[in-house]
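Please read the structure below before turning to the comments.
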Amino acid sequence: MKILAVDTSSKNCSVSIVEVDENENFEIIAQDNNDDERTHSVKLMPMIDNMFKSSNLSLDNIDLLACCLGPGSFTGIRIGIATVKAFADAKNIPTVGVTSLESLAYNVGNSSLVCSLIDCKHGNVYSGIFEINSNSGNTTYTQVQEDVSDEINAVLDNLKSVCSKDLENKKLTFVGDGSVLYKDLINEKFADYDIEFSDNNIQSSISLAKSAYYRFKQGLAGDSNNISPIYLRKSQAELALEEKNGIKND
């Protein structure tokens, strides 16, 4: 199976073609990254085109399309989803959508619990909690609770309450730019627990492809209607308009 994965939800525009064999070994056929968030709309299609040319492949060779649904950059999310939807409709290729928080969790492979944290400015973060289980060589990531967007202290306090029993016997790894930004606060709040911080905090289409593959195996693939944006919070433009109109936001 060949997977084309597209992640435009963060500053890093990441695209890749990954092949999975019958033994579930992942081979990276081609990949590209661009870290200028302002140029995603201009760079995405040329990046994909260059990957196809360098690998002598085309959309006709792709068996599954993987797309990051967010949360993250509102504009970036829409660009990625629109592109994947167009590919899916043009070639009737099944699609799988994955959140940026779940994709980040796949950057970590040597832990029991993973907390993905993405900075969303003004002391707030997007957060997702995942449990990693390994059985007979297969590694699965199970979401512990729904993704949230909240102030960092509230997110960390909630994490301790949700995972208090598990944290007594399991290692907890933090991943994402939010974990880098708030590392000192996390160390303070989790001083009595076995925690670590991932060195791999950039959202990657490779991790996205892996997550999408396991979702595909669970029967979660569909047509272009299968993917839609996940924002978790209102955009700055929406908040500014509501403030102008005298609408109070909690």
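Taken together, A90, A82, A86 contain a single residue that is farther than 23 Å from Y231 by Cβ and assigned to a helix (DSSP H, G or I), which is A90.
Counting only residues that are free of Cβ contacts under 8 Å to residues at least 12 places away in the same chain and of a type in the set (D, E), which one in region 169-196 is nearest to L117 (Cα to Cα)? Result: D184. When region 120-140 is examined, which residues are found to be touching a Phe, Trp or Tyr at 6+ places or on another chain (Cβ under 8 Å) and modelled with pLDDT of 90 or more? Listed by number, the residues that qualify are C120, V125, F130, E131. Of the strands (runs of 3 or more DSSP E) contained entirely in region 1-78, those carrying at least 2 residues that are open to solvent by 20 Å² or more (accessible area, probe 1.4 Å) fall at 26-34. Screening L220 against (1) open to solvent by 50 Å² or more (accessible area, probe 1.4 Å); (2) assigned to a helix (DSSP H, G or I); (3) among the aliphatic types (A, V, I, L, M) leaves a single unmet condition, (2).
Against the numbered list (1) out of contact with any Lys or Arg (no Cβ under 8 Å at 6 or more places or on another chain); (2) assigned to a helix (DSSP H, G or I), L167 comes up short only at (1). Of all residues in region 185-204, those satisfying the criterion of being open to solvent by 80 Å² or more (accessible area, probe 1.4 Å) and under 24 Å from the mean Cα position of the chain (by Cα) are D199, I202. More than 26 Å from V148 (Cα to Cα) and touching a residue at least 40 places away in the same chain (Cβ under 8 Å): which single residue out of D60, D49, D89, D32 fits that description? The unique qualifying residue is D89.
The values are calculated or read from the model by the stated rules, or taken from the named source; none is laboratory data. Quick caveat: nothing in here was measured; it's all calculated off a predicted structure. Note that each Cβ is placed from the backbone with ideal geometry, even for glycine, and that neighbours are counted across all protein chains shown. Just the protein is used for accessible areas: all its heavy atoms, side chains included, with ligands, DNA and RNA removed. Shrake-Rupley method; radii C 1.70, N 1.55, O 1.52, S 1.80 Å.
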